[in-house]
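Visitor: Below is the structure I would like to discuss, written out as structure tokens.
The values are calculated or read from the model by the stated rules, or taken from the named source; none is laboratory data. Owing to the predicted nature of the structure, the values given are computational and were not obtained by experimental measurement. Heads up, the Cβs are rebuilt from the backbone with ideal geometry, glycines too, and the neighbour counts pull from every protein chain shown.
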Amino acid sequence: MTHEATRQNPRDKEPLRDSEPLRDGTSLVAYLHILKKAHAALVGHDRAHQRFGEVVTHGQARKYIEELMPQLKQERDVHRRRRG
């Protein structure tokens, strides 16, 4: 996590960029699309697409990543154990 990402607005204790909209063409948006694809493999395209559509700000992107990563890591570990 970068220093910028950890700075907070002193008035509301929210990380400074949380309310900023996501911009197309950024590496963050590309990463979110990769997560959406992995999420779709677990829960189906419609459900993953619906959840992904709710992500429009940096704060929502952070929460989306925090929500998905434990599930995806668990599935990765299961897959690795099966492969031996």
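Visitor: Just to verify a result, which residue in the stretch 58-84, among those that are within 21 Å of residue 27 (Cα to Cα) and acidic (Asp, Glu), is surrounded by the fewest Cβ atoms within 10 Å (Cβ to Cβ)?
Guide: 66
Visitor: Still on this structure: Just name the residue that is modelled with the highest pLDDT out of those in the stretch 1-57 that are among the hydroxyl-bearing types (Ser, Thr, Tyr) and surrounded by fewer than 10 Cβ atoms within 10 Å (Cβ to Cβ).
Guide: Filtering the stretch 1-57 for residues that are among the hydroxyl-bearing types (Ser, Thr, Tyr) and surrounded by fewer than 10 Cβ atoms within 10 Å (Cβ to Cβ), the one modelled with the highest pLDDT comes out as 27.
Visitor: If a residue must be over 14 Å from residue 69 (Cα atoms) and not charged (D, E, K, R), how many such residues does the stretch 23-40 contain?
Guide: Of the residues in the stretch 23-40, 6 are over 14 Å from residue 69 (Cα atoms) and not charged (D, E, K, R).
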